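Heads up, the thing below is written out as structure tokens.
The values are calculated or read from the model by the stated rules, or taken from the named source; none is laboratory data. Keep in mind it's a predicted model, so treat the numbers as computed, not measured. So basically every Cβ, Gly included, is an ideal-geometry build from the backbone, and we count neighbours across all protein chains shown. Calculation scope for accessible area: heavy atoms of the full protein, side chains included, ligands and nucleic acids excluded. Shrake-Rupley method; radii C 1.70, N 1.55, O 1.52, S 1.80 Å.
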Amino acid sequence: MNNYETVFILNPVLSDEQIKETVQKYEDFLVSKGAEMVSKENWGLRKLAYPIQHKKSGFYHLLEYKAPGEVIEPLELAFRRDERMMRYLTVKLDKHAVAWAEKRRSRRKQEKA
């Protein structure tokens, strides 16, 4: 099992319900393929560095998970087929990136408390 992190940007015209439904769809997809969810973050509506599909903002989400390598290709194929998806990036995390992600999550928890 490898550690992965996927950041994706959803279309800004979606309702809150549609956004939750989309994120849950991909979470369920990963779990059904044998992935173990480590973390999920909603970064909210953010301005884009450059227009994508004539949109200047998008809803950012981060999924961190452990999964076999065969899961990534079908996941990205599903992303490409989904019209709600504007951009995505999946990165395989090495041991240093995993440690940094854990540190980032613990810092976020401290800030919330």
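Taking the condition of being over 14 Å from the mean Cα position of the chain (by Cα) and either under 11 Å from residue 85 (Cα atoms) or open to solvent by less than 20 Å² (accessible area, probe 1.4 Å) (or both), how many residues in the range 12-27 meet it?
Total satisfying the criteria: 2.
Is it the case, given these coordinates, that residue 111 is over 16 Å from the mean Cα position of the chain (by Cα) and either surrounded by 11 or more Cβ atoms within 10 Å (Cβ to Cβ) or not hydroxyl-bearing (Ser, Thr, Tyr) (or both)?
yes
Residues in the range 40-89 that are surrounded by 12 or more Cβ atoms within 10 Å (Cβ to Cβ) and acidic (Asp, Glu): how many?
Here the count works out to 4.
Could you list, in sequence order, the residues of the range 96-108 that are of a type in the set (A, V, I, L, M, F, W, C) and open to solvent by 50 Å² or more (accessible area, probe 1.4 Å)?
99, 100, listed by residue number.
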